[in-house]
Amino acid sequence: MDLNEKYMRAAMKEAYKAELKDEVPIGAVIVYDGKIIARAHNTRQTKQISTHHAEILCIEKACRKLNSWRLEGCDLYVTLEPCPMCAGAIQQSRIRKVVFGAYDPKGGFFGSNFNINEVKGLNHYPEVEGGILKEETAQLLKDFFKKKRERRISE
């Protein structure tokens, strides 16, 4: 297993934690110097806070861990292509690289719907690699929403 798969599997473990809380199963980890320094998953429904996406929570934890808002040298692994809010936070925090699993054609901001890295004049452009374990990460989401629909029908 290569490093991208290893860290994506760690992000998937976070996604499973979200699912257990009936949250959209998205998980993230941040790696620095070959070690995971932050882990998080969506808690938007649980906390009723719109910014509680896995990436935002993970960035906050990494900032506290490194005692800096600059996450240069850090790589973010997330199970779904980041949305506009998270893409902005990634850009602002100077994360070196973003690795994501499933593509998000409705809201992805690293190539699917829009590519923030194509906006001229920004002061930072992270390296991006998408599609790592994309079938497995996409299946997490498909299964979650299928179960949600089935519960609604049976109620």
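The values are calculated or read from the model by the stated rules, or taken from the named source; none is laboratory data. As the structure is a computational prediction, the values presented were derived from the model and not from experiment. Neighbour counts are summed over all protein chains in view; Cβ atoms, including those assigned to glycine, are modelled from backbone coordinates with ideal geometry. Just so you know, the surface numbers come from the protein's heavy atoms only, side chains and all, with ligands and any DNA or RNA stripped out. Shrake-Rupley method; radii C 1.70, N 1.55, O 1.52, S 1.80 Å.
Quick notes on this structure:
- Among 4-12, 94-102, 77-85, sorting by the average number of other beta carbon atoms lying within 10 angstrom of each residue, highest first, gives 77-85, 94-102, 4-12.
- Rounded Å value of the spacing that divides the Cα centres of region 104-155 and region 1-44: 14
- Out-of-range pairs (alpha-carbon distance over 19 Å; input 13/134; 21/47; 13/65; 6/106; 61/120; 47/97): 13/65; 6/106; 61/120; 47/97
- Within the accessible area of the chain, the carbon and sulfur atoms contribute 50%, probe 1.4 Å, all protein chains present.
- Using a probe of 1.4 angstrom and keeping all protein chains present, the accessible surface of region 12-153 works out to 53 square angstrom per residue.
- Charge sum, other residues only, whose C-beta stays under 12 Å from residue 87's C-beta, Lys/Arg counted +1 and Asp/Glu -1: -4
- Region 27-155, relative contact order [Cα under 8 Å, separation at least 6], %: 19
- Helix 84-93 vs. the chain, principal-axis angle (Cα, 0 to 90°, nearest 10): 30
- Order by protection proxy (mean Cβ within 10 Å, highest first), peptides 20-30, 118-128, 64-74: 20-30, 64-74, 118-128
- To the nearest ten degrees, helix 54-66 and the longest principal axis of the Cα atoms of the chain are 40 degrees apart.
- Between 0 and 90°, nearest 10: helix 134-154 axis offset from the chain longest Cα axis: 30
- Gain in span if fully extended, residue 50 to residue 127, counting 0.36 nm per residue against the direct Cα distance: 25.1 nm
- Note on the chain: with charges restricted to the Cβ of Lys and Arg (+1) and Asp and Glu (-1), its dipole about the Cα centre is near 500 debye.
- Under the simplified labelling scheme, the residue 1-residue 118 pair shows an inter-label distance of 3.4 nm, with each label point 7 Å from Cα along Cα→Cβ.
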